[in-house]
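> One structure coming up, written as structure tokens, with questions to follow.
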Amino acid sequence: MKKKRVPMVVSFGVLAAMFFGAHSASAQEAPHRIEITAKRFSYEPSEITVKKGQPVVLVIKSLDTAHGLRFRELNLNVTIGKNGAGELSFTPDKAGDFTGHCSVFCGSGHGGMSLMLHVVN
């Protein structure tokens, strides 16, 4: 009688692991979408926090002229047309604080247009 129970318990355990493993894997793969508004001479929000290893999509919308967003340390760059939108998709692979700057000259305050990205473990 014990011999019949062991395979059934093992089978149940394997099925449970497959179900819960697949569920958590698909939940982790869904990118975290963050909407950002660019306008002379700021980003809203001006600071964002994401988790290391979690896919991220930054959706950036311009309310006025052409803008860009570049994180040199992360090798990320996007250009957004006048009143347009753009996306930056990435998965952060290192923790830290990274400053993104507008990469398209947008006027006299262009040099101070930045976005702080915090990547946490």
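> Can you tell me which residue among Thr91, Thr79 is over 23 Å from Arg40 (Cα atoms), among the β-branched types (Val, Ile, Thr) and in contact (Cβ under 8 Å) with a residue 12 or more places away in the chain?
Details: Thr79 fails: over 23 Å from Arg40 (Cα atoms).
Of Thr91, Thr79, the one residue that is over 23 Å from Arg40 (Cα atoms), among the β-branched types (Val, Ile, Thr) and in contact (Cβ under 8 Å) with a residue 12 or more places away in the chain is Thr91.
> Right, another one. Would you tally the residues in region 37-60 being of a type in the set (Val, Ile, Thr), surrounded by 14 or more Cβ atoms within 10 Å (Cβ to Cβ) and touching a residue at least 60 places away in the same chain (Cβ under 8 Å)?
Here the count works out to 2.
> Another question, if that's okay. For region 65-75, give me each residue that is assigned to a strand (DSSP E or B) and out of contact with any Phe, Trp or Tyr (no Cβ under 6 Å at 6 or more places or on another chain). Reasoning before the result, please.
Restricting attention to region 65-75, the residues satisfying the condition of being assigned to a strand (DSSP E or B) are 67-71.
Within region 65-75, His67, Gly68, Leu69, Arg70 qualify.
> Could you please let me know if Phe105 is assigned by TED's automatic domain parsing to the domain that holds Val56, among the aromatic types (Phe, Trp, Tyr) and more than 20 Å from the chain's Cα centre (by Cα)? So that I can check it myself, show each step before the final result.
Details: assigned by TED's automatic domain parsing to the domain that holds Val56: yes; among the aromatic types (Phe, Trp, Tyr): yes; more than 20 Å from the chain's Cα centre (by Cα): yes.
Yes; evaluated as a whole, the condition is true for this residue.
> Testing Arg33 on (1) in contact with a Leu (Cβ under 9 Å, 6 or more places away or on another chain); (2) surrounded by 13 or more Cβ atoms within 10 Å (Cβ to Cβ); (3) at pLDDT 95 or above, one condition comes back false. Which one is that?
(2)
> Somewhere in region 61-71, is a residue of a type outside the set (Val, Ile, Thr), surrounded by 12 or more Cβ atoms within 10 Å (Cβ to Cβ), out of contact with any strand residue (DSSP E or B) (no Cβ under 6 Å at 6 or more places or on another chain) and at pLDDT 95 or above?
If we filter region 61-71 for residues that are of a type outside the set (Val, Ile, Thr), which is where we start, we get 61-64, 66-71.
From what's left, surrounded by 12 or more Cβ atoms within 10 Å (Cβ to Cβ): 61-64, 66-71.
Remaining after also requiring out of contact with any strand residue (DSSP E or B) (no Cβ under 6 Å at 6 or more places or on another chain): 66.
So of that shortlist, the ones also at pLDDT 95 or above come out as 66.
Within region 61-71, one or more residues are of a type outside the set (Val, Ile, Thr), surrounded by 12 or more Cβ atoms within 10 Å (Cβ to Cβ), out of contact with any strand residue (DSSP E or B) (no Cβ under 6 Å at 6 or more places or on another chain) and at pLDDT 95 or above.
> Would you mind stating whether Ala66 is touching a Cys at 6+ places or on another chain (Cβ under 9 Å) and among the small types (Gly, Ala, Ser)?
Yes, satisfied.
The values are calculated or read from the model by the stated rules, or taken from the named source; none is laboratory data. Nothing here was measured: the structure is a model prediction, and the numbers come from that model. Quick reminder, even Gly has a Cβ in these numbers, built from the backbone with ideal geometry, and neighbours come from all protein chains shown.
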